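Novice: Quick one: the structure is below, and I'll ask about it shortly.
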Amino acid sequence: MNTAQHLDSALGEIDWGAVPTGTERDRVAAPSGELARISLGPPDGERIVLVPGVTGSKEDFILMMPLLAEAGYRVESYDMAGQYESAAAGPENLDPPSDRYSLELFTGDLLAVLDARPDGGATGPVHVLGYSFAGTVASVVAIEHPGLVSSLTLLSAPPVPGQSLRRFKKVGWLSQAVPGRALGTPFVAALRYNVHRAPAHRAVFVKARLELTRPSSVGDILALMKRIPDSAEALRATGIPLLVAAGTGDVWPAEAHRAFAERLGAESLILPTGHSPCETAPHQLTEAMLRLMRR
């Protein structure tokens, strides 16, 4: 067992609502509204933006942020529109207004974050991690604006195009029969009741977070995950250094992630954990990201 594995195995109870010491908070003006952001690390360091997935939040990365900051990076994360402390951000704020959360909404918001350095200084290429659905969002941004992305880590991101929910290990069959938007409310309810059996200290924070998250944003994202664009060839063509990371207990099979990495020409990291290596294997994931970013 190496040092990173040992440190991950020793993780105990965590107060997921408590951000690391020295963390700065601000809000980013984005097309969908104001997005809550936290930042840590030297102001002049290379930027890393960590984007959480559906029903997630910036706090999903509080174990990784100090590690990346100690390595000299300026690391940021934000709540996506409709989620947690960005719950007021939504399609009704777009110009022109809309009634659905769309892939274009989320990519436009990410571009706004990349363009908004917390200290107000000049912006440049940024290292990006997209977690779960946010991996698709980050991939689209990298393809359309490759000069903005220094490296891209796809963490537990949809590894199959099209109706990606059909490959879910346990409930893929349900997504075939139920419209994506209709899945939002029961999906949120299931997380509130901790059907995924998260540790108690984690479940308390998740339940509190879901009190703010808009079920409509969750339903719209699940609908979008039924039509994931097939962008592997275009992403590979950008030449951006890529890492595909996932757990053996992820909602998608590990072999699907390995095949996805091969299609991308990406490095791969398959860990003996679940859908959230950023929470359960932060040292190993950070170690792999640092190797990628220093290439």
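The values are calculated or read from the model by the stated rules, or taken from the named source; none is laboratory data. The shown structure was predicted, so the numbers you read here are calculated from the model rather than taken from an experiment. Every residue, glycine as well, gets a Cβ built from its backbone with ideal geometry; the counts of neighbours run over all protein chains shown.
Novice: I want to confirm something. Restricting to segment 1-15 and keeping residues that are among the aliphatic types (A, V, I, L, M) and either within 25 Å of residue 116 (Cβ to Cβ) or modelled with pLDDT under 95 (or both), which single residue is surrounded by the most Cβ atoms within 10 Å (Cβ to Cβ)? Even if it seems obvious, please write down each step before you answer.
Specialist: Step one: filter segment 1-15 for residues among the aliphatic types (A, V, I, L, M), giving 1, 4, 7, 10-11, 14.
Subset that is either within 25 Å of residue 116 (Cβ to Cβ) or modelled with pLDDT under 95 (or both): 1, 10-11, 14.
Working: 1: 8, 10: 8, 11: 13, 14: 15.
Among residues in segment 1-15 that are among the aliphatic types (A, V, I, L, M) and either within 25 Å of residue 116 (Cβ to Cβ) or modelled with pLDDT under 95 (or both), the one surrounded by the most Cβ atoms within 10 Å (Cβ to Cβ) is 14.
Novice: I'd like to know if segment 104-120 contains one or more residues that are polar (S, T, N, Q), within 21 Å of residue 264 (Cβ to Cβ) and modelled with pLDDT of 95 or more. Before the answer, list the steps.
Specialist: Residues of segment 104-120 polar (S, T, N, Q): 107.
Okay, now just the ones that are also within 21 Å of residue 264 (Cβ to Cβ), so 107.
Still in the running and modelled with pLDDT of 95 or more: 107.
Yes, segment 104-120 contains at least one residue that is polar (S, T, N, Q), within 21 Å of residue 264 (Cβ to Cβ) and modelled with pLDDT of 95 or more.
Novice: Here is a follow-up. Which members of segment 100-137 meet the condition of being touching a helix residue (DSSP H, G or I) at 6+ places or on another chain (Cβ under 6 Å) and charged (D, E, K, R)?
Specialist: Matches in segment 100-137: 100 only.
Novice: Here is a list: 238, 248. Which entry is within 20 Å of residue 277 (Cα to Cα), surrounded by fewer than 22 Cβ atoms within 10 Å (Cβ to Cβ) and touching a Pro at 6+ places or on another chain (Cβ under 7 Å)?
Specialist: 248
Novice: Just to be sure, is residue 254 surrounded by fewer than 22 Cβ atoms within 10 Å (Cβ to Cβ) and either in contact with a Ser or Thr (Cβ under 8 Å, 6 or more places away or on another chain) or at positive phi (or both)?
Specialist: yes
Novice: When only residues in segment 16-50 that are over 20 Å from residue 286 (Cβ atoms) and modelled with pLDDT under 95 count, which is surrounded by the fewest Cβ atoms within 10 Å (Cβ to Cβ)?
Specialist: Top of the filtered list is 44.
Novice: For segment 278-285, indicate whether the set of residues that are in a loop (DSSP other than H, G, I, E, B), small (Gly, Ala, Ser) and in contact (Cβ under 8 Å) with a residue 40 or more places away in the chain is non-empty.
Specialist: Yes.
For every residue, the table says whether it meets (1) within 17 Å of the chain's Cα centre (by Cα); (2) farther than 24 Å from residue 148 by Cα; (3) free of Cβ contacts under 8 Å to residues at least 40 places away in the same chain.
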| position | (1), (2), (3) |
| --- | --- |
| 4 | no, yes, no |
| 9 | no, yes, yes |
| 24 | no, no, no |
| 27 | no, no, yes |
| 31 | no, no, no |
| 41 | no, no, yes |
| 51 | yes, no, no |
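Novice: Can you tell me which of (1) assigned to a loop (DSSP other than H, G, I, E, B); (2) over 17 Å from residue 100 (Cβ atoms); (3) in contact with a Leu (Cβ under 9 Å, 6 or more places away or on another chain) is the one residue 268 doesn't meet?
Specialist: Only one criterion in (1) assigned to a loop (DSSP other than H, G, I, E, B); (2) over 17 Å from residue 100 (Cβ atoms); (3) in contact with a Leu (Cβ under 9 Å, 6 or more places away or on another chain) is unmet by residue 268, namely (1).
Novice: Go through segment 254-265 and report how many residues are among the aromatic types (Phe, Trp, Tyr) and not in a helix (DSSP H, G or I).
Specialist: The number of residues fulfilling the criteria is 0.
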